Protein chains: 2
Amino acid sequence: MWIGAVLAVLAASCQRPAATPSTSYDPAGKLVLPAGYRSWVYLTSGIDMSYRKDAPTRTTSVFDNVFVDPPSYARFLETGHWPEGTTLVLEQRSGADHGSIVHKGAFQNGDVIGLEVHVKDAARFPASTYPDGWGFYSFDDRQPTSAFGPKADCYDCHHDHGALDSTFAQFYPTILPVGAAKGTLSGRE
Amino acid sequence: MWIGAVLAVLAASCQRPAATPSTSYDPAGKLVLPAGYRSWVYLTSGIDMSYRKDAPTRTTSVFDNVFVDPPSYARFLETGHWPEGTTLVLEQRSGADHGSIVHKGAFQNGDVIGLEVHVKDAARFPASTYPDGWGFYSFDDRQPTSAFGPKADCYDCHHDHGALDSTFAQFYPTILPVGAAKGTLSGRE
């Protein structure tokens, strides 16, 4: 009976298709793109976001979709902190502003044109060198890739402006209130 | 040993926080808003999409985020058809075009300002009356709500223009290729 009950509970909470929630590395230490990230927990989307005032206006839209691995999200909800191992994936996907029945606005209809990954791993990225113990990766071709070195702009920008632990929680509308309730916001913006 | 192995397999595929994947109704037959939809499988986002050529230009941006219940998504990947019970949630969330370090584009930073749900349930919505056996709901206040009657515009529009079984798969970039591969696209757009 007890085993049956455990199986029933596990099965009941287990109806999501299998994802690949844990980050893995190849023998050379390069990060493997998490194959199942599209089934992870969705955090937000933006469109054509630019941090430069003189950024040229794009002629085609690019959406950013952000996902977090489910176990880290579950832990975040409990603590308001991203745990070690947290992996965020930013998918850039092309969009369009006309098509089908749409005459205004923009929608996603195209290929993935960029993939960036942010991993919290103080063993690989000691906080003495990498702000807050995170590493950044960018995939050009979905093959395993090395992290950016600590002088890349992304590290300081995330540290200096991220509303919660080097992450841009100010753009994640279901994350920011948790940080506020748990008292874990950085005060940065 | 066998039971241990089963438990291990179930636990390994079970690290996502519990969602509420099944659609439920109150005693009056009204649909209950799926509380866990933000942990469902993400399909797409759009911004300020309008089906009217004369739609006024909005002064603040509204994003649409679309989610599907995980068991139906898993079944869809196998068959290319949405199974009975499929539930799609469209969340409308306000955005902004300036803030933090963002000077161009738009991001999500606000409240949920609308929730619409699309349920495939031929028992409640017989295809003789409701195109393709789906029902539409709109939540104003997150309280249980009744479906739109079959004369509402949404039914015919989805039937006449949805690229796959009354759904706008043409805006769901991970769904459309599955439909194409499985031969289940409607040919409509």
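The values are calculated or read from the model by the stated rules, or taken from the named source; none is laboratory data. Because the structure is predicted, anything quoted here is derived from the model rather than measured. Every residue, glycine as well, gets a Cβ built from its backbone with ideal geometry; the counts of neighbours run over all protein chains shown.
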Test: A:Gly135 is assigned to a strand (DSSP E or B) and modelled with pLDDT of 95 or more: yes
Report the residue count in segment B:8-66 for those that are aliphatic (A, V, I, L, M), surrounded by 15 or more Cβ atoms within 10 Å (Cβ to Cβ) and at pLDDT 95 or above. 6
Out of all the residues in segment B:82-95, is one or more in contact (Cβ under 8 Å) with a residue 40 or more places away in the chain, facing chain A (nearest Cβ under 9 Å) and among the acidic types (Asp, Glu)? no
Against the condition surrounded by fewer than 22 Cβ atoms within 10 Å (Cβ to Cβ), more than 7 Å from chain A (Cβ to nearest Cβ) and over 16 Å from the mean Cα position of the chain (by Cα), how does B:Ala123 come out, does it pass? yes
Matching residues, segment B:157-175, being away from chain A (no Cβ under 12 Å) and assigned to a helix (DSSP H, G or I): B:His159
Quick one: in segment B:98-115, which of the residues that are crowded, with 18+ Cβ neighbours inside 10 Å and out of contact with any Lys or Arg (no Cβ under 6 Å at 6 or more places or on another chain) is farthest from the other protein chains (Cβ to nearest Cβ)? B:Leu115
Can you confirm whether A:Asp141 is assigned to a helix (DSSP H, G or I) and over 30 Å from B:Asp48 (Cα atoms)? no
Breaking point among (1) closer than 29 Å to B:Val62 by Cβ; (2) free of Cβ contacts under 8 Å to residues at least 40 places away in the same chain; (3) in contact with a Phe, Trp or Tyr (Cβ under 8 Å, 6 or more places away or on another chain), for A:Trp134: (1)
So how many residues does segment B:138-189 have that are among the aromatic types (Phe, Trp, Tyr) and surrounded by 21 or more Cβ atoms within 10 Å (Cβ to Cβ)? 4
So which residues in segment A:96-143 are within 17 Å of A:Arg38 (Cα to Cα) and of a type in the set (Phe, Trp, Tyr), if there are any at all? A:Phe139
Tell me, yes or no, whether segment A:101-108 has at least one residue that is closer than 30 Å to B:Lys53 by Cβ, part of a loop (DSSP other than H, G, I, E, B) and out of contact with any Leu (no Cβ under 7 Å at 6 or more places or on another chain). yes
Residues that are assigned to a helix (DSSP H, G or I), of a type outside the set (S, T, N, Q) and either more than 9 Å from chain A (Cβ to nearest Cβ) or farther than 24 Å from A:Gly110 by Cβ (or both), drawn from segment B:27-78: B:Tyr37, B:Arg38, B:Pro70, B:Pro71, B:Ala74, B:Arg75, B:Phe76, B:Glu78
I'd like to verify a number: residues in segment A:109-125 that are without any contact (Cβ under 8 Å) to a residue 60 or more places away in the chain, in a loop (DSSP other than H, G, I, E, B) and in contact with an Asp or Glu (Cβ under 9 Å, 6 or more places away or on another chain), how many? 3
Quick one: A:His159 ticks every box in (1) closer than 23 Å to A:Tyr42 by Cβ; (2) more than 15 Å from the chain's Cα centre (by Cα); (3) not aliphatic (A, V, I, L, M) bar one, so which box is it? (1)
Could you please give the count of residues in segment A:174-189 that are out of contact with any Leu (no Cβ under 8 Å at 6 or more places or on another chain), under 19 Å from B:Phe107 (Cα atoms) and hydrophobic (A, V, I, L, M, F, W, C)? 0
Select from segment B:88-132 the residues that are at pLDDT 85 or above and of a type in the set (Asp, Glu) and list them in ascending order. B:Glu91, B:Asp111, B:Glu116, B:Asp121, B:Asp132
